[in-house]
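Colleague: The structure's right below; bear with me while I get my questions together.
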């Protein structure tokens, strides 16, 4: 599998006209321009944004409608025509799920897997973003209401990231309960919005391959070997001791006595194999006091005018330093909660940096699989009763009776981390060091949903 240069998303040109009187020459010019725009915009092989064409009844009110009466969704509002579909095709992991080896440690230091790369659809619908396969690496209950830190992504389909025959690969992470200001794209956050420099936390590790914010693309001209099981890309996320590393133990205490964790993305492809990017340990707890103050204000005090709520609000508004804040709230029960206590299991608490992925391994539960909305289909009946259907048939591999899709899925524990402590804390030539992951992988297994086979 050959990652190649990506194409940045193109700007959408709305195919609308203004109803004002025009001369014959202006009308002819506008017709020619409109035709050229449509030929460029609606060609699925074009590098430009391919918006799709829908009937107005399939879309939300306010969606742009052209002179021919068709709705053209805006590039930045991908859900405009996703709620009124006539039929849907659901794709999910109904047969079961991949599970971690029950005898392995509950401290998770990474996951590795090989994913098949193939064209899923001839034309990608613009009714959602389609995650063909990925993983969910989350912190071990740093926050009571969901993952405070999360490493997600995977094979991704949506042309807002630029036209691509194959799915692209998204290597990204989120902090602060999916804060839109998370550094998901190396200086870019959710919805392809730039973030300020103070929130950036991603480091580039390779000088041979870059990871652009428009994701990792695969060479669409390469041979796909459909009769031989297809082409695959190897991906790994591993917590390594790159920054501030020192030996750790299994079941490491929740404190800062152990080495820091640098979550690193590694890829294995035909033209490059090795680390690409990493999130520095401090990334996971950046602006954590600001986040905590707002969460406690919302969950515990409901933004009332009590003295403690005022202290939290003063800090949020920049009228109090971090040290002053911690002194002022040090006796609050939600601030003193210890991991594992009844209060920690039941209520809100102040998230500590040592509970984030910068200092703590991930939770033992590691979901993998697909995450996508249903593939839509649209129908229309003409005046003669004929039904016309617009569908997006999936192109899953079918040349052989059994087709590989995901293979060699493994997890890692503290032994991988400790193996690399000497690698990143030595003056020796790195080329002489053993940087092989092969001896540390723990295979995951398939747990079937038995009722499907009864």
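The values are calculated or read from the model by the stated rules, or taken from the named source; none is laboratory data. Because the structure is a prediction, the values reported are computed rather than measured. Cβ sites come from the backbone with ideal geometry, for glycine too, and all protein chains shown count toward neighbours.
Colleague: For residue 248, are the conditions met, namely being touching a residue at least 12 places away in the same chain (Cβ under 8 Å), surrounded by fewer than 21 Cβ atoms within 10 Å (Cβ to Cβ), out of contact with any strand residue (DSSP E or B) (no Cβ under 7 Å at 6 or more places or on another chain) and in the same structural domain as residue 138 (by the TED database)?
Modeller: Spelling it out, it is not the case that residue 248 is touching a residue at least 12 places away in the same chain (Cβ under 8 Å), surrounded by fewer than 21 Cβ atoms within 10 Å (Cβ to Cβ), out of contact with any strand residue (DSSP E or B) (no Cβ under 7 Å at 6 or more places or on another chain) and in the same structural domain as residue 138 (by the TED database).
Colleague: Quick test for you: out of 374, 367, 397, pick the one residue that is under 30 Å from residue 58 (Cα atoms) and in contact with a strand residue (DSSP E or B) (Cβ under 8 Å, 6 or more places away or on another chain).
Modeller: None of the others qualify; the one that does is 374.
Colleague: A further question follows. Does residue 289 count as loosely packed, with under 14 Cβ neighbours inside 10 Å and either at pLDDT 90 or above or part of a helix (DSSP H, G or I) (or both)?
Modeller: No, not satisfied.
Colleague: Another question about this same structure. Could you grab the pairs with beta carbons closer than 6 Å, sequence gap of 6+ or different chains, first residue in segment 425-444 and farther than 21 Å from residue 98 by Cα, second one assigned to a loop (DSSP other than H, G, I, E, B) and modelled with pLDDT of 85 or more?
Modeller: Within 6 Å, the pairs are 433/423.
Colleague: Quick one: residue 363 ticks every box in (1) at pLDDT below 90; (2) more than 30 Å from residue 228 (Cβ to Cβ) except a single one, so which number is it?
Modeller: (1)
Colleague: Moving on. Hey, among 340, 369, which residue is farther than 22 Å from residue 286 by Cβ and without any contact (Cβ under 8 Å) to a residue 12 or more places away in the chain?
Modeller: Every option except 340 fails the conditions.
Colleague: Further question on the same structure: Among the numbered criteria (1) surrounded by 15 or more Cβ atoms within 10 Å (Cβ to Cβ); (2) touching a residue at least 24 places away in the same chain (Cβ under 8 Å); (3) assigned by the TED database to the domain that holds residue 396, which single criterion is violated by residue 91?
Modeller: (3)
Colleague: Out of (1) at pLDDT below 95; (2) in contact with a strand residue (DSSP E or B) (Cβ under 9 Å, 6 or more places away or on another chain); (3) in the same structural domain as residue 117 (by the TED database), what's the single condition that is false for residue 225?
Modeller: For residue 225, the failing item is (1).
Colleague: Only one of (1) at pLDDT 95 or above; (2) part of a loop (DSSP other than H, G, I, E, B); (3) touching a helix residue (DSSP H, G or I) at 6+ places or on another chain (Cβ under 8 Å) fails for residue 303. Which number is that?
Modeller: Against the list (1) at pLDDT 95 or above; (2) part of a loop (DSSP other than H, G, I, E, B); (3) touching a helix residue (DSSP H, G or I) at 6+ places or on another chain (Cβ under 8 Å), residue 303 comes up short only on (1).
The rows are residues; the columns are (1) within 30 Å of residue 351 (Cβ to Cβ); (2) surrounded by fewer than 19 Cβ atoms within 10 Å (Cβ to Cβ); (3) in contact with a strand residue (DSSP E or B) (Cβ under 9 Å, 6 or more places away or on another chain).
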{"residue": "97", "(1), (2), (3)": "yes, yes, yes"}
{"residue": "110", "(1), (2), (3)": "yes, no, yes"}
{"residue": "113", "(1), (2), (3)": "yes, no, yes"}
{"residue": "134", "(1), (2), (3)": "yes, no, yes"}
{"residue": "138", "(1), (2), (3)": "yes, no, yes"}
{"residue": "158", "(1), (2), (3)": "no, no, yes"}
{"residue": "164", "(1), (2), (3)": "no, no, yes"}
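Colleague: Also: Given the conditions (1) within 30 Å of residue 283 (Cβ to Cβ); (2) more than 29 Å from the chain's Cα centre (by Cα); (3) assigned to a loop (DSSP other than H, G, I, E, B), report the number of the one that residue 431 does not fulfil.
Modeller: Unmet condition: (3).
Colleague: Would it be correct to say that residue 146 is under 24 Å from residue 99 (Cβ atoms), out of contact with any helix residue (DSSP H, G or I) (no Cβ under 7 Å at 6 or more places or on another chain) and part of a loop (DSSP other than H, G, I, E, B)?
Modeller: yes
Colleague: So residue 340 passes all but one of these: (1) surrounded by 14 or more Cβ atoms within 10 Å (Cβ to Cβ); (2) not assigned by the TED database to the domain that holds residue 253. Which condition number does it fail?
Modeller: Looking at each condition in turn, residue 340 falls short on (1).
Colleague: Mind telling me which of the residues 239, 253 ends up being more than 28 Å from the chain's Cα centre (by Cα) and in the same structural domain as residue 195 (by the TED database)?
Modeller: Only one candidate qualifies: 253.
Colleague: Taking into account only those residues within segment 185-207 that are touching a strand residue (DSSP E or B) at 6+ places or on another chain (Cβ under 7 Å) and in contact (Cβ under 8 Å) with a residue 60 or more places away in the chain, which is nearest to residue 161 (Cα to Cα)?
Modeller: 186
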